[in-house]
Amino acid sequence: MERPIGIFDSGIGGLTVAKAISRILPNERFIYFGDTAHLPYGDKSKEAIQRYSKGISKFLIANNCKTIVIACNTASAISYKYLRDKYAGNVPVINVIDPIIEAVVANGTHKKIGLIATKATVQSGVYQEKMNRRNPGIAMEVLPTPLLAPMIEEGFSKDKISKTVIENYLSNPVFEGIDSLILGCTHYVLIKDEINDFFKGRVTLYDSTDIVAHKITEVFKSENLLSIKKSGDNHFYVSDITEGFQESTSRFYGDNIKLEHLKL
Ligand code: DGL
């Protein structure tokens with residue numbers, strides 16, 4: 001049987017990444033783990049986020065995963081280096097930040113880019129540092145937007161509440177004159193259209209769905225890891241299960257999926 005891809009997030013936001021992977025790599029089977037018992041990661045300490053990420057990665061490796069995809073910007077910012085070093089020579093570890101930075105730099109036209117993300121992602125400085133290293137000529141303005149993920153999770157999008165919150169954050173003067181914006185949280189894909197409307201389509205938006213799935217394709221090609229055909233079903237585990245999480249999955253994934261409860 002072909003080995004699965006291991007994907008994890010703090011909760012169900014990473015399903016937006018899982019969906020893109022299933023669309024772009026239809027022959028791949030995956031094991032998704034959403035750490036709903038510890039959500040949100042965005043307000044947690046570095047120590048806690050690293051501890052959770054280690055435990056989940058151990059579970060994915062024990063289940064024969066051929067890659068670990070950190071489908072969460074916060075865990076990518078805080079835990080990527082540790083996981084990459086720990087699994088070096090064993091399985092590739094893919095984060096959602098590097099592929100976005102590469103795409104922004106490859107575009108070649110951006111001068112001033114904005115970043116919206118959780119507090120932990122912004123405070124880690126990882127996006128700023130990576131962008132500066134790859135192209136110091138692109139100015140980056142960052143803004144933590146902690147209300148967005150819970151708002152989206154509670155089902156507020158394309159309505160008065162989401163419009164007000166989005167406008168409030170994005171009209172921040174730091175974003176004056178930006179030509180592009182990174183949606184630095186896997187939840188934000190669900191409000192991408194509204195963000196686009198706010199900027200009247202004049203700002204290029206980057207998110208961690210297709211860009212990450214293409215990065216995985218590239219890594220799999222070079223490491224000879226592509227599956228020839230899909231063998232078995234995907235599994236979607238969560239560390240805490242509620243009706244609310246189950247109901248939200250279809251908004252994040254696009255299809256109805258069945259969550260399975262698993263305490264690590
Ligand atoms: N999925 C997380 C991210 O991409 C955000 C949610 C959280 O704070 O746990 O950063």
| field | Cα convex hull volume per residue for region 12-141 (Å³) | value | 119 Å³
| Based on the inverse mean of 1/r over its pairs of different Cα atoms, what is the Kirkwood hydrodynamic radius of region 166-264, in Å? | 16.8 Å
| note | Expressed as a whole-number percentage, the relative contact order of region 54-203 with C-alpha contacts under 8 angstrom and at least six residues apart is 25 percent
| field | Low-density loop positions, GluC sites (Glu not before Pro), region 129-159 - DSSP coil, at most 15 other Cβ in 10 Å | value | Glu154
| task | Check the straight Cα-Cα distances from Lys54 and name the lysines below 22 Å, setting aside those fewer than 8 residues away within the same chain. | result | Lys44, Lys46, Lys66, Lys81, Lys86, Lys119, Lys263
| field | Computed over region 102-193, Kirkwood Rh from alpha-carbon pairs, angstrom | value | 13.8 Å
| So how many Å³ per residue does the convex hull of the Cα atoms of the chain work out to? | 120 Å³
| request: Any chance you could tell me what percent of the C-alpha pair distances in region 51-123 go past 14 Å? | output: 64 percent
| request: Give the relative contact order (percent, whole number) for region 33-85; include only Cα pairs under 8 Å separated by 6+ residues. | output: 44 percent
| task | Within region 95-196, report the trypsin sites (Lys or Arg not before Pro) that DSSP leaves as loop and that have at most 14 other Cβ atoms within 10 Å. | result | Lys111, Lys158
| task | Report, in whole Å, the centroid distance computed from the Cα atoms of region 223-264 and region 118-163. | result | 25 Å
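Please pull out the direction-averaged projected area of region 1-55, using the convex hull of its alpha-carbon atoms, in nm² to one decimal place.
Across all orientations, region 1-55 yields a mean hull projection of 4.3 nm².
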| Say we join alpha carbon atoms closer than 10 Å with springs in a Gaussian network model of the chain; which of Tyr237, Tyr87, Tyr206 then has the biggest fluctuation? | Tyr87
| message | With just the Cα atoms defining each centre, how far is region 61-116 from region 175-197? Give it in Å. | response | 19 Å
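For the residues Cys65, Cys185, Cys72, what sequence is obtained by ranking on other C-beta atoms within 10 Å, fewest first?
Lowest to highest Cβ neighbour count: Cys65, Cys185, Cys72.
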| Is the shape of region 55-208 best called rounded, prolate or oblate, per the rule: a/c under 1.5 gives rounded, else a/b larger than b/c gives prolate, else oblate, with a ≥ b ≥ c the square roots of the Cα gyration tensor eigenvalues? | oblate
| remark: Comparing Ser124, Ser180, Ser57 in a Gaussian network model of the chain (Cα, 10 Å), the one with the largest mean-square fluctuation is Ser124
| field | Mean residue ellipticity (222 nm) of the chain, computed from DSSP H runs ≥ 4 via -39,500 (n - 2.57), nearest 500 | value | -13000 deg cm²/dmol
| request: May I ask you to derive the relative contact order of the chain, considering only C-alpha pairs under 8 Å and at least 6 residues apart, and to give it as an integer percent? | output: 28 percent
| request: Rank Thr74, Thr204, Thr249 by mean-square fluctuation in a GNM of the chain with C-alpha springs under 10 angstrom and give only the top-ranked residue. | output: Thr204
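Bear in mind that the values in this text are calculations on the coordinates, not laboratory data. Values in this document were obtained by computation on a predicted structure and should not be read as measured data. Don't worry about glycine lacking a Cβ; one is built from the backbone with ideal geometry, like all the others, and counts go over all protein chains shown.
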